[in-house]
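The values are calculated or read from the model by the stated rules, or taken from the named source; none is laboratory data. Keep in mind that this is a model prediction, so the values were computed, not measured. Glycine gets a Cβ as well: all are built from the backbone with ideal geometry, and neighbour counts include every protein chain shown. The area values use the complete protein model at the heavy-atom level, side chains included, leaving out ligands, DNA and RNA. Shrake-Rupley method; radii C 1.70, N 1.55, O 1.52, S 1.80 Å.
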Amino acid sequence: SGLLIYVVFLIRQGRRDRSQQDEGSLGEETISRHWLWDLVWVVGGLALLVLGSRWFVGSAVSFAQSLGVSEAIVGLTIVAAGTSMPELVTSIVAAVRGQRDIAVGNVVGSNVFNIMGVLGVASLVSPGGIEVAPSVVHFDIPMMVVVAFSCLPIFFTGGVISRTEGALFMAYYAAYTGYLILNATGHVGLPQFSAALAYFALPLTLLTLVFLALREARDRISSHTP
């Protein structure tokens, strides 16, 4: 229900903000000429997607059992990375071509759809609902919320995600994946790794984000001051 409301809002907002385009008639002609072929591609792609999903999930479960780790760990790493590859390629191509709005919108829209649509539909079709592991509730979901909030000052500061901020995201994803692997294998270096993140990396990043947010707020106030 939340996803449907969100989509309806986006459609209304898009229609309200859409400007008249000169090539509109040409686009309509092209769509009407190739709609049947496009429909074949869509149906074929969905069929292959369902088949590939069955293979992917089954292989991931077997992989987790052979390594002796929980299915949640495999889902948070291999499955999450594998299913995000289409978003990664789309965002890279859009960014290289200068279509930055598509690159950002693709990532944000994918996360919104995953939380509302994927979890919603999967919970509806599952007879007993979807059980959430305690480790996910105590660590991974809070981490997801923290990462989402940390994006706000980065998105708002100048309307640009710099290469430095992109490198910061990549570094923290590598740290998060490393934590999952160390925790799953019971590595002796897990306490030191956790302490480095908790007492150095995370506070330093928090201070940096607060500084960026305050500087952006000051610049906006200064620009509106006569």
**Report entry** Accessible area per residue, Å², the chain with all protein chains present, probe 1.4 Å
**Finding:** 76
**Report entry** Per-pair calculated FRET efficiency, R0 = 41 Å: Arg215 and Leu88 via Cβ, rounded to 0.05
**Finding:** 0.85
Query raised in the report: Ignoring ligands, DNA and RNA, what percent of the 1.4 Å accessible area of region 105-226 is carbon and sulfur?
Result: 75
Report summary line: What helix-only [θ] at 222 nm does the chain give? Using -39500 (n - 2.57) per DSSP H run of at least 4, over all residues, to the nearest 500, the answer is -25000 deg cm²/dmol
Query raised in the report: So which helices of the chain fit the span-like rule, where a helix is a whole DSSP H run, its Cα atoms reach 15 Å or more along the axis, and its mean Kyte-Doolittle is at least 0.5?
Result: 2-17, 24-67, 85-96, 100-113, 141-156, 202-224
Query raised in the report: Counting Lys and Arg as +1 and Asp and Glu as -1, each charge on the Cβ, what is the dipole of the chain about the Cα centre in debye, to the nearest 20?
Result: 320
Query raised in the report: Taking the chain as the region of interest, what is the percent of Cα-Cα pairs per 5 angstrom bin, listed from the shortest bin to the one with the maximum distance?
Result: 1, 5, 8, 13, 15, 16, 14, 11, 7, 5, 3, 1, 0, 0
